[in-house]
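What follows is one structure encoded as structure tokens, with my remarks underneath.
The values are calculated or read from the model by the stated rules, or taken from the named source; none is laboratory data. The model shown is predicted, which means the values in this text are computed figures rather than measured ones. Ideal geometry is used to build each Cβ from the backbone, glycine not excepted, and the neighbour counts take in all protein chains shown. When the accessible area is computed, the model is the full protein with side chains, heavy atoms only, and any ligands, DNA or RNA have been set aside. Shrake-Rupley method; radii C 1.70, N 1.55, O 1.52, S 1.80 Å.
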Amino acid sequence: MAETIKIAVCDDEKNIRSYLVSLIKKQGGECGITEYASADAYLSDDKEHDIIFLDIEMGGSSAGMDGMGLARHIRGMEAQKQPIIIFVTGYEKYVYDAFDVGAFQYLVKPVDEQKFAEVFGRAAGQVLSEAEQRKKKLVIQYGGEGKAIPLNDIYYMESRNHNIILYLKSGNIEYYAKIGDLEEELAGQFYRIHRGYLINLFHVEGYDKTEVRMANGDKLLLSRYKYDGFVQAYMDYISEESL
């Protein structure tokens with residue numbers, strides 16, 4: 001399934017928002033677009049976005065937060081995923097300020113279609129690349145913080161007493177999770193060979209009708225109901241990896 005890029009268009013002029021939305025739709029690809037007429041509207045929505053098209057001169061509330069103020073606020077929100085910020089401005093004098101908040105690029109009004117397509121293409125490419133990298137890691141809540149574990153460091157997972165035990169190259173980690181959720185999230189590289197085991201196909205060293213031998217030496221019970229599905233998933237995985 002194609003990755004959906006979540007995009008925010010923040011500008012207090014409705015015609016500008018409509019124009020930017022039309023340009024985004026022209027680029028094709030899976031996009032979810034939300035429009036905001038003010039910094040307050042953006043902040044009160046509490047959504048995460050991959051890309052924000054942000055008007056620097058956008059009028060704010062009585063607090064007077066313009067687009068640059070919103071950008072600084074977003075950059076200060078450490079807990080949230082940081083979006084790509086693309087400024088849209090009528091004045092080139094703001095260019096240096098834009099780089100102070102790590103802006104990806106800026107577009108000068110009236111926005112040129114060809115320039116927009118080039119900037120959008122690079123930003124979308126970066127979003128999709130980062131999404132692919134995230135897929136190669138498992139992010140878990142462990143010890144009160146988020147921990148990202150490279151998938152190839154995991155031999156397999158065991159479901160035990162409502163917890164998951166990760167069997168890793170560096171040792172074992174036990175944390176709260178549901179094996180069904182992990183099975184869905186990691187489909188393609190991991191396969192559930194038994195009610196209690198979700199294994200990394202990358203680390204399979206051999207198998208027969210009743211068990212799978214992993215690269216760390218562990219032998220895991222293979223459910224007879226799962227045998228045909230496992231063999232198919234393993235062959236599919238090997239053929240994908242060899243491409």
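Some points to look at:
- Residues (within 17 Å of Ile149 (Cβ to Cβ), within 29 Å of the chain's Cα centre (by Cα) and in contact (Cβ under 8 Å) with a residue 40 or more places away in the chain) located in region 189-214: Gln189, Leu198, Ile199, Asn200, Phe202, His203
Table: residues versus (1) within 30 Å of Gly144 (Cβ to Cβ); (2) touching a residue at least 60 places away in the same chain (Cβ under 8 Å); (3) open to solvent by less than 10 Å² (accessible area, probe 1.4 Å).
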position	(1), (2), (3)
Arg17	no, no, no
Ile24	no, yes, yes
Ser38	no, no, no
Ile56	no, no, yes
Leu107	no, no, yes
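- Restricted to strands (runs of 3 or more DSSP E) entirely inside region 147-243, those with at least 2 residues that are surrounded by 15 or more Cβ atoms within 10 Å (Cβ to Cβ) are 154-160, 163-168, 190-194, 197-200, 204-207, 211-214.
- Residues of region 109-123 that turn out to be in contact (Cβ under 8 Å) with a residue 60 or more places away in the chain and in contact with a helix residue (DSSP H, G or I) (Cβ under 9 Å, 6 or more places away or on another chain), as a count: 6
- Boolean, Glu113 is open to solvent by 40 Å² or more (accessible area, probe 1.4 Å), modelled with pLDDT of 90 or more and within 19 Å of the chain's Cα centre (by Cα): no
- Cβ-Cβ distances below 7 Å connect no pair with a first residue in region 82-95 that is closer than 17 Å to Val127 by Cβ and at pLDDT below 90, a second residue that is small (Gly, Ala, Ser) and in a strand (DSSP E or B), and a separation of six or more residues or different chains.
- Scanning region 116-139 finds no residues that are among the acidic types (Asp, Glu) and either over 23 Å from the mean Cα position of the chain (by Cα) or assigned to a strand (DSSP E or B) (or both).
- The set of residues in region 128-184 that are closer than 22 Å to Glu3 by Cα and acidic (Asp, Glu) comprises Glu130, Glu132, Asp181, Glu183, Glu184.
- Taken together, the residues in region 1-15 that are open to solvent by 70 Å² or more (accessible area, probe 1.4 Å) and of a type outside the set (D, E, K, R) amount to 2.
- Screening Gly188 on (1) at pLDDT below 95; (2) in contact with a strand residue (DSSP E or B) (Cβ under 8 Å, 6 or more places away or on another chain) shows it passes everything except condition (2).
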